[in-house]
Amino acid sequence: MTSVNDNKKNMKINYQKELNDEQYEVVSQADGYSLVLAGAGSGKTRAITYRVAYLLDKNKAEANQILLMTFTNKAAKEMLHRVGDLLGGSGQSVLGGTFHRLGNLFLRQHIHLLGYKPDFNILDQDDSQRLINSSMAGLNINIKKDALPPIGMIQHMISYANNTRQTLSEVMEFYDVHWSAQDKINALAKAYQEGKKRTNAVDFDDLLSLWLEIFEKFPAVAENASQKYKYVLVDEYQDVNYIQAQLVKYLGKENKNILAVGDDAQSIYSFRAADVNNILSFAKDYPNAKIFKLEKNYRSSPEILALAESSIMNNDSQYRKKLEAMKDSSSQPQLVKMLNPKKQAIFIAQTIRDLHQQGYKYSSIAILARSVYQTIDIQLALSNYNIPYSVRGGQKYFEQAQIKDLLAFVRVIFNFNDELAWQRILALADGIGEKQAQTIIDFVTAQDSLDVALGMDFKLKQKKAQSSWNALKTLLHDARFSFSDQDKYNLAGMIKYIYESFYRAKMRDLYTEDFSDREEAVEQFIDFSSNYKDLKQFLADVCLDEELWQANKQKDLDDDFVLLSTIHQAKGLEWSVVFVSNLYQGSFPHYKSLENNKEIQEERRLFYVACTRAKEKLYLLFPLRAPHYMYGEVMNERSQFIEEIPDDLYIETSFTDSSFL
């Protein structure tokens with residue numbers, strides 16, 4: 001609940017002076033069903049803020065008759081705080097917040113209609129997985145024995161089915177779950193739902209689905225809620241899922257004042273069940289709806305905007321918009337070709353160094369990637385060039401648990417006296433507790449070499465611990481001697497062997513909720529390691545990154561650091577300079593989307609979002625080759641998103657550098 005003044009001072013807002021013509025039309029004319037197509041950088045937040053102020057200022061509604069629905073509570077708070085500044089003081093409340101926050105408030109009053117008590121608990125992800133585990137035990141279901149997907153995937157499928165109103169069977173078909181597992185997962189989902197109700201608990205998805213269920217089953221409640229709110233405003237409408245779209249429809253049914261603001265060109269969250277068709281079909285869902293367009297872009301240079309627009313125009317399903325750049329011209333975007341991701345990383349680091357010397361703050365620069373797992377070389381290069389950086393959308397690469405675990409094996413092969421690495425490895429072994437681990441470490445480090453330690457018959461008291469230690473000895477022996485030739489190592493082969501022979505199964509047990517993401521990170525790590533034959537150099541590069549990062553954590557950088565981010569996490573933000581990395585087929589667009597036109601269109605929207613984060617300079621990066629643990633390097637095909645852009649909209653250059661990273 002966010003407060004905004006209802007006892008306004010006698011202050012006159014000159015809306016026409018403070019807004020451009022497009023914004024003013026929205027603010028003053030958006031009664032009834034209205035859709036605002038807000039292009040990137042066009043001031044949609046300003047339009048929504050002034051629209052709320054206008055409704056209050058012109059006495060079109062009382063504060064408690066306005067509902068503002070957003071995707072972050074921070075966005076709602078900032079907009080309504082700004083309304084308070086415009087109108088002066090504080091007072092009666094406009095209700096604003098996320099769909100889930102508003103759903104919680106509604107359910108506290110009405111959930112008794114569905115047989116719950118108002119003091120229900122809200123389960124977080126860990127709580128939900130524990131309940132699924134408990135339900136599994138009650139049904140005598142075993143993930144390994146019954147060949148079920150990991151619990152995290154089961155939870156995701158249940159959530160996705162809930163938010164899209166598909167059957168769980170339909171979702172399982174989409175995710176290629178084997179038919180033999182589907183009956184058990186359906187039974188498990190039913191038991192999970194019953195368990196929540198029995199314990200008077202709801203999960204995050206229930207905050208919306210139960211809200212909609214009450215509206216559907218109790219029309220009087222829905223009518224009362226709809227009568228209460230004279231104006232319903234929805235931000236980021238391109239990101240709503242089926243349930244959210246239906247809730248908006250119910251809430252606006254009586255007074256017929258819905259203002260939906262969004263940009264179909266920036267709909268990039270289908271993996272969260274967001275459906276771009278909700279915004280594309282708005283005029284069909286709400287006959288006689290007014291359509292407004294905000295097409296004045298205040299963020300990007302004309303050159304950057306022209307490139308982004310030429311890309312998004314290739315999408316079949318969209319509202320056509322023609323953005324007009326309000327900023328002065330700057331340099332054309334650059335398409336930079338380089339040999340491989342290592343050279344890409346050096347180019348980024350050297351360019352950032354030069355830009356910083358020219359006066360650009362680090363904080364005005366961003367490096368955007370399709371996935372944070374693609375940024376390992378970039379993080380190392382930034383560290384080597386002493387460029388402070390922060391990662392958004394994932395942990396620092398070498399801080400990730402699965403990478404640290406695999407590195408521990410490499411470290412003990414390089415230095416068998418590395419006690420910390422031994423502790424990490426032994427913690428993964430079944431039946432070996434802290435005391436047994438220390439006993440093993442004391443024994444190993446007392447020997448002359450790893451070879452000697454692995455060859456000795458060291459006895460432990462507990463059978464399970466002994467069995468685990470014997471298995472680890474065999475694993476390390478085979479990894480050490482099968483993938484080394486004197487001082488040269490087939491690092492990629494060694495890490496791959498350790499992963500497939502031991503760690504993959506362990507990782508599936510430890511990180512069921514995001515196993516596939518972690519597996520992708522491991523695959524990237526294996527490919528990265530194929531660049532090295534020198535084990536010492538490999539570990540030195542890794543340690544340099546970690547040491548610099550730890551040092552940077554200890555000092556005040558005044559928030560002046562380069563941001564390395566996934567594109568999804570960068571939405572809504574902007575920088576003077578943006579690098580878009582790894583623009584080749586299979587990377588961006590992602591290989592999983594290549595055979596599906598609907599998914600390619602979302603990937604193209606993701607590319608559009610990436611480009612429109614840039615204000616002055618845009619670098620599009622194309623590594624000609626990519627490392628591969630079996631073939632050394634493979635040739636890349638340039639991203640189709642580059643191929644679609646007329647070549648007069650960018651400057652194509654090549655980067656060559658003899659530096660060793």
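Restricting LYS327, LYS321, LYS343 to those that are touching a strand residue (DSSP E or B) at 6+ places or on another chain (Cβ under 9 Å), more than 30 Å from THR656 (Cβ to Cβ) and open to solvent by less than 40 Å² (accessible area, probe 1.4 Å) reduces the list to LYS321.
The single condition from (1) more than 17 Å from ILE413 (Cβ to Cβ); (2) open to solvent by 50 Å² or more (accessible area, probe 1.4 Å); (3) part of a loop (DSSP other than H, G, I, E, B); (4) modelled with pLDDT under 85 that GLN524 fails is (3).
If you check GLY115 against the conditions, is it surrounded by fewer than 20 Cβ atoms within 10 Å (Cβ to Cβ) and within 30 Å of LYS217 (Cα to Cα)? First the steps, then the outcome.
Details: surrounded by fewer than 20 Cβ atoms within 10 Å (Cβ to Cβ): yes; within 30 Å of LYS217 (Cα to Cα): yes.
For GLY115, the condition - surrounded by fewer than 20 Cβ atoms within 10 Å (Cβ to Cβ) and within 30 Å of LYS217 (Cα to Cα) - is met.
For SER390, the conditions (1) within 22 Å of LEU491 (Cα to Cα); (2) open to solvent by 30 Å² or more (accessible area, probe 1.4 Å); (3) modelled with pLDDT of 85 or more all hold with the exception of (1). When the helices (runs of 4 or more DSSP H) confined to the stretch 220-300 are screened for residues that are open to solvent by 20 Å² or more (accessible area, probe 1.4 Å), touching a residue at least 40 places away in the same chain (Cβ under 8 Å) and of a type in the set (A, V, I, L, M), those reaching at least 1 such residues are found at 282-285.
Among the residues of the stretch 577-622, those that are in contact with a strand residue (DSSP E or B) (Cβ under 9 Å, 6 or more places away or on another chain), in a loop (DSSP other than H, G, I, E, B) and open to solvent by less than 40 Å² (accessible area, probe 1.4 Å) comprise SER581, ASN582, LEU583, SER587, PHE588, THR612, ARG613. You will find that of ASP657, ASP648, the residue that is open to solvent by 30 Å² or more (accessible area, probe 1.4 Å) and in a loop (DSSP other than H, G, I, E, B) is ASP657 and no other.
Scanning the stretch 422-452 for residues that are out of contact with any helix residue (DSSP H, G or I) (no Cβ under 8 Å at 6 or more places or on another chain) and over 14 Å from ALA465 (Cα atoms) yields ASP442, ALA446, ASP448, SER449, VAL452. Quick one: what pairs do we get from the stretch 619-631, first residue within 15 Å of VAL522 (Cβ to Cβ), second modelled with pLDDT under 95 and in a strand (DSSP E or B), C-beta under 9 Å, 6+ apart or different chains? Note: pairs meeting the criteria are PRO627/GLU633; PRO627/VAL634; HIS628/VAL634.
Considering the stretch 194-218, and only residues there that are not small (Gly, Ala, Ser) and not in a helix (DSSP H, G or I), the residue that is farthest from ARG130 (Cα to Cα) turns out to be PHE218. Exactly one residue out of LEU380, LEU335 is in contact (Cβ under 8 Å) with a residue 24 or more places away in the chain and touching a strand residue (DSSP E or B) at 6+ places or on another chain (Cβ under 6 Å), and it is LEU335. On the basis of being assigned to a helix (DSSP H, G or I) and open to solvent by 10 Å² or more (accessible area, probe 1.4 Å), does ALA181 make the cut? In short, no. For the stretch 142-172, a tally of residues being of a type outside the set (S, T, N, Q), part of a helix (DSSP H, G or I) and open to solvent by less than 70 Å² (accessible area, probe 1.4 Å) returns 12.
Every residue in the stretch 481-511 that is crowded, with 19+ Cβ neighbours inside 10 Å and assigned to a helix (DSSP H, G or I), please. Reasoning before the result, please.
Filtering the stretch 481-511 for residues crowded, with 19+ Cβ neighbours inside 10 Å gives 483, 489, 491-492, 494-496, 498-499, 502-503, 507.
LEU491, ALA492, MET494, ILE495, LYS496, ILE498, TYR499, PHE502, TYR503, MET507, listed by residue number.
The test for being open to solvent by less than 70 Å² (accessible area, probe 1.4 Å) and not in a helix (DSSP H, G or I) does not hold for GLN466.
Quick check: is even one residue across the stretch 560-576 open to solvent by 10 Å² or more (accessible area, probe 1.4 Å), closer than 27 Å to TYR298 by Cα and modelled with pLDDT under 85? Checking the stretch 560-576: not a single residue is open to solvent by 10 Å² or more (accessible area, probe 1.4 Å), closer than 27 Å to TYR298 by Cα and modelled with pLDDT under 85.
The set of residues in the stretch 301-312 being over 20 Å from LYS44 (Cα atoms) and either open to solvent by 20 Å² or more (accessible area, probe 1.4 Å) or among the aromatic types (Phe, Trp, Tyr) (or both) consists of GLU303, ALA306, SER310. The set of residues from the stretch 192-235 being among the polar types (S, T, N, Q) and over 17 Å from HIS110 (Cα atoms) comprises GLN193, THR199.
Taken together, the residues in the stretch 351-380 that are over 26 Å from the mean Cα position of the chain (by Cα) and open to solvent by 30 Å² or more (accessible area, probe 1.4 Å) amount to 7.
Hey, can you tell me all the residues within the stretch 34-59 that are in a helix (DSSP H, G or I), open to solvent by 40 Å² or more (accessible area, probe 1.4 Å) and among the polar types (S, T, N, Q)? If the condition is that a residue be in a helix (DSSP H, G or I), open to solvent by 40 Å² or more (accessible area, probe 1.4 Å) and among the polar types (S, T, N, Q), then THR45 is the only one that fits. Of the candidates ASP124, ASP21, ASP85, ASP31, the single residue that is under 30 Å from ILE158 (Cβ atoms) and open to solvent by 10 Å² or more (accessible area, probe 1.4 Å) is ASP124.
Within the stretch 129-166, can you find the residues that are of a type in the set (S, T, N, Q) and closer than 25 Å to THR199 by Cβ?
Kept after step one, since they are of a type in the set (S, T, N, Q), are these residues of the stretch 129-166: 129, 133-135, 140, 142, 155, 159, 162-164, 166.
Within the stretch 129-166, GLN129, ASN133, SER134, SER135, ASN140, ASN142, GLN155, SER159, ASN162, ASN163 qualify.
Evaluated against (1) under 30 Å from PHE515 (Cα atoms); (2) assigned to a helix (DSSP H, G or I), LEU107 falls short on exactly one condition, (1). Could you check the stretch 60-74 and list, in sequence order, the residues that are open to solvent by 30 Å² or more (accessible area, probe 1.4 Å) and more than 15 Å from TYR229 (Cα to Cα)? Across the stretch 60-74, the qualifying residues are PHE71, THR72, ASN73, LYS74.
Filtering ALA465, ALA429, ALA446 for residues that are of a type in the set (Gly, Ala, Ser) and over 42 Å from the mean Cα position of the chain (by Cα) leaves a single hit, ALA446. Set side by side, the residues LYS327, LYS321, LYS293, LYS361 differ, and just one is modelled with pLDDT of 95 or more and in contact with a Lys or Arg (Cβ under 9 Å, 6 or more places away or on another chain), which is LYS293. Pairing residues of the stretch 154-177 that are under 11 Å from ASN241 (Cβ atoms) with residues that are of a type in the set (Gly, Ala, Ser) and at pLDDT 90 or above, at Cβ distances under 7 Å and at least 6 apart in sequence or on separate chains, gives ASN162/SER209.
Every listed requirement among (1) among the small types (Gly, Ala, Ser); (2) in contact with a Ser or Thr (Cβ under 6 Å, 6 or more places away or on another chain); (3) at pLDDT below 85 is met by ALA421 save one, (2).
Looking at ASN140, ASN186, ASN200, ASN133, just one residue is at positive phi and without any contact (Cβ under 8 Å) to a residue 24 or more places away in the chain, and that residue is ASN140.
The values are calculated or read from the model by the stated rules, or taken from the named source; none is laboratory data. Note that the structure is a prediction, hence the values are computed from the model and not measured. Don't worry about glycine lacking a Cβ; one is built from the backbone with ideal geometry, like all the others, and counts go over all protein chains shown. Accessible surface areas use protein heavy atoms only, side chains included; no ligands, DNA or RNA. Shrake-Rupley method; radii C 1.70, N 1.55, O 1.52, S 1.80 Å.
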